[in-house]
Amino acid sequence: MASPAPAEATAAAGPMVPRPFRVAARRREAADTWTLALEPADGGPPPAFRPGQFNMLYAFGVGEVPISISGDPAAGGPLEHTVRAVGPASAAICRAEPGEQLGVRGPFGSSWPLQAAAGRHVVVVAGGIGLAPLRPALLGALAARERLAGLVLLCGGRTPEQLLFRSQLERWGEDPRLELGVTVDSAEPGWLGQVGVVTTLIGDAPFDPASAVAFVVGPEVMMRFAIEALLARGMAASDVYISIERNMKCAVTHCGRCQFGPTFACREGPVMSFAAIERFFRTREV
Ligand SMILES: Cc1cc2nc3c(=O)[nH]c(=O)nc-3n(C[C@H](O)[C@H](O)[C@H](O)COP(=O)(O)OP(=O)(O)OC[C@H]3O[C@@H](n4cnc5c(N)ncnc54)[C@H](O)[C@@H]3O)c2cc1C
Ligand code: FES
């Protein structure tokens, strides 16, 4: 019997076995943050994914961590991930040079409900590294812009240097299809934009709360204030979606690491409506 092609063999091995991917390109986004483009080392096609889904990236010999896919789902080609070095595994992934290999399992999890946004305003609120999991949704919303009532991106960083995808942000700032608000917590000489936390942009943002759907990712405290501001504008909790970035180990509902009550963040999440998650969102990790 003929042996299976490498990609088929990897798929047959199941969702717990990492597939080797080669770093095709690496781009620095901020002092501690890199975007890596990964292509399958076995020559097969990269897996399809939906905006908001994540992969488990394995730095061989160091550790495996969940990282959202930050590239364009419609583009095909290498899978992009934008990673902030905060500990051993994420730092090892950020150090991976073109040609080196990482293990990839996935994609896993739920996605931003772009289909349900037809005819409505889409409001994207990103804090820091939170822009990475939201970027595929923004690119998808721009591709389907004529079907939306409006598109707003509110984006915050600690400093101008910490803002991700800066050249893309500049292009989006000139794109008439998108209303862009950018702010930083503390400015540096030469910064001409706004100063303050991103949640302060929500009150005056140009969208109709009655017909809006919001996607929010950032540090938990930022998400809390953003949700409050969106609800204060009159949005329903069921129209506000967040990405729950609780720690994960298996990503396939085996280990219980991401479980809260009957819900597994790796299965029902990471993207969930605030209405579905409210009770647990206010609970710290156990
Ligand atoms: C679904 C999902 C998607 C994610 N997407 C991205 C992404 O696109 N880019 C990215 O850079 N990171 C992302 N993360 C976070 C990333 O997985 C963690 O930063 C990583 O697991 C840290 O592992 P480490 O071994 O490098 O550091 P560790 O030694 O495990 O942790 C270092 C520090 O980071 C904190 N930390 C660890 N995990 C998290 C977490 N999930 N959230 C907040 N703080 C954490 C720890 O408490 C500790 O203070 C995502 C997490 C989840 C669950
Ligand atoms: S990460 Fe293991 S159960 Fe979700």
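The values are calculated or read from the model by the stated rules, or taken from the named source; none is laboratory data. In this text, all values refer to a predicted model and were calculated from it rather than measured experimentally. When we count neighbours, we look across all protein chains shown, and the Cβ atoms used for this are built from the backbone with ideal geometry, even at glycine. The accessibility values were calculated without ligands, DNA or RNA, using every heavy atom of the protein model including side chains. Shrake-Rupley method; radii C 1.70, N 1.55, O 1.52, S 1.80 Å.
Some points to look at:
- In this simple spin-label approximation, Ala275 and Arg145 carry label points 7 Å from Cα along the Cα→Cβ vector, and these lie 3.0 nm apart.
- For the pair the stretch 160-180 and the stretch 95-112, the centres of their Cα atoms are 25 angstrom apart.
- Whole-Hz Karplus values for the stretch 58-64 come out as 10, 8, 4, x, 10, x, 10 Hz, taken residue by residue from phi with 6.51 cos²θ - 1.76 cosθ + 1.60 and θ = phi - 60°; glycine and proline positions read x.
- For Phe281, the solvent-accessible surface with a 1.4 Å probe is about 0 Å², rounded to the nearest 10.
- Neighbour net charge for Ala205 - beta-carbon separation under 14 angstrom, K R +1, D E -1: -2
- Gain on full extension, evaluated as 0.36 nm per residue between Val62 and Gln115 minus their Cα-Cα distance, stands at 15.2 nm.
- Remark: the stretch 6-107 carries a charge dipole of roughly 140 debye about the Cα centre, counting +1 on each Lys and Arg Cβ and -1 on each Asp and Glu Cβ.
- At full extension, Glu188 and Arg224 could sit 10.3 nm farther apart than now, given 0.36 nm per residue minus the alpha carbon distance.
- Within the accessible area of the chain, the carbon and sulfur atoms contribute 54%, probe 1.4 Å, all protein chains present.
- When you work out D = kT/(6 pi eta Rh) for the chain at 20 °C and 1.002 mPa s, using the Kirkwood radius from C-alpha pairs as Rh and the Stokes-Einstein form, the result is 110 µm²/s.
- 222 nm mean residue ellipticity, helices alone, for the chain (DSSP H n ≥ 4; -39,500 (n - 2.57); rounded to 500): -5500 deg cm²/dmol
- Length added when fully stretched, Ala237-Asp175, from 0.36 nm per residue minus Cα-Cα: 19.4 nm
- With a cut-off of 13 Å on the backbone N, the residues of the stretch 99-120 near the modelled label site 7 Å out from Ala24 along Cα-Cβ are 99.
- The chain: DSSP helices with Cα axial extent of at least 15 Å and average Kyte-Doolittle hydropathy no lower than 1.0: 131-143, 220-232
- The packing ranking, built from the mean of other Cβ atoms within 10 Å per residue, places the peptides 198-204, 27-33 in the order 198-204, 27-33, highest first.
- If you take all other residues with their beta carbon under 14 Å from the beta carbon of Leu114, and give Lys and Arg +1 and Asp and Glu -1, the sum is +2.
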